[in-house]
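A quick write-up on the structure given underneath.
The values are calculated or read from the model by the stated rules, or taken from the named source; none is laboratory data. Treat the numbers as computed from the prediction; the structure is a model and nothing was measured. Reconstructed Cβ throughout: ideal geometry from the backbone, glycine too, with neighbour counts over all protein chains shown. Note: accessible area is taken over every heavy atom of the protein model, side chains too, but ligands, DNA and RNA are not part of it. Shrake-Rupley method; radii C 1.70, N 1.55, O 1.52, S 1.80 Å.
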Amino acid sequence: MYVVALERKANGRVIYPRKEIVEQQRLRNSYEKRLNQRLVLTFRNIGNQVGRDIENGQRVPLSLERIESQIGNVLTDHYRAVFLEFAERTQKLIIKIRRKEESDYERYVQQYLYSVGGTKITQISETTRANLMKIITKGQIDGLGQNPIANQIRDYSNGSFTRYRARMIARTETHQASVFANHRVSRDQEIPDMQKRWISTNDNRTRLHHRQLNGVTLGMEEDFVFV
């Protein structure tokens, strides 16, 4: 799914033709892949740290308290890279400017962290911590020793479910950040009669209510309504 900004000029031409959507998908896939790889490594490292703390006799590992900072660093770096790419691309398409410096887009990163990204980092971190604590608590109730619990932690953190979770997080966070960047840059140009259009990818991952919005066009400040 994409929410793209449109500018209709006097000759009827619309910025963001279909080939631009294809290019944005290519870019999203690239950033999604990179984030997935970093998250897989981060979750594995977290599991190793927690496992070592368990082996060292910590019933509630201190490393659990460092999870949010580790995940936050990965996601904040990712948001910044996505915003630089998509904000710059959108602004160039609209007003044909020269390349801008990264610092010019930092405010979009901070806006996103404040309104969306910060909450997502906390949610992902809390879920990770809760999942690990379930393994630790169950192991302790079952009377397992430190080493077996530590091994279970490592197996979980490098297992198929965690890798699947990393893929889903990478997909969602890349998509939301890029859409946010497109929308904020387009809106901030204050071009009269600018519009946005919902374009669904229509693949096997597209939700029904997203398909139903395909092609719907609204003003930049209007909200899409899911039926």
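Among the residues of the stretch 60-82, write down those that are open to solvent by 30 Å² or more (accessible area, probe 1.4 Å) and not in a helix (DSSP H, G or I). VAL60 - this is the single residue of the stretch 60-82 that is open to solvent by 30 Å² or more (accessible area, probe 1.4 Å) and not in a helix (DSSP H, G or I). Could you list, in sequence order, the residues of the stretch 155-198 that are at pLDDT below 60 and β-branched (Val, Ile, Thr)? Across the stretch 155-198, the qualifying residue is only ILE191. Of all residues in the stretch 112-150, exactly one satisfies the criterion of being farther than 30 Å from GLU173 by Cα, open to solvent by less than 40 Å² (accessible area, probe 1.4 Å) and out of contact with any helix residue (DSSP H, G or I) (no Cβ under 7 Å at 6 or more places or on another chain), namely GLY145. Among the numbered conditions (1) modelled with pLDDT under 95; (2) open to solvent by 70 Å² or more (accessible area, probe 1.4 Å); (3) more than 21 Å from VAL185 (Cα to Cα), the only one that ASN56 does not meet is (1). Whether a residue is touching a residue at least 24 places away in the same chain (Cβ under 8 Å), open to solvent by less than 60 Å² (accessible area, probe 1.4 Å), farther than 17 Å from ASN45 by Cα and among the polar types (S, T, N, Q) was assessed, and SER178 passes this test. Whenever a residue of the stretch 134-158 is in contact (Cβ under 8 Å) with a residue 40 or more places away in the chain, it has no partner that is hydrophobic (A, V, I, L, M, F, W, C) and open to solvent by 70 Å² or more (accessible area, probe 1.4 Å) lying with C-beta atoms less than 6 angstrom away and at least six residues away or across chains.
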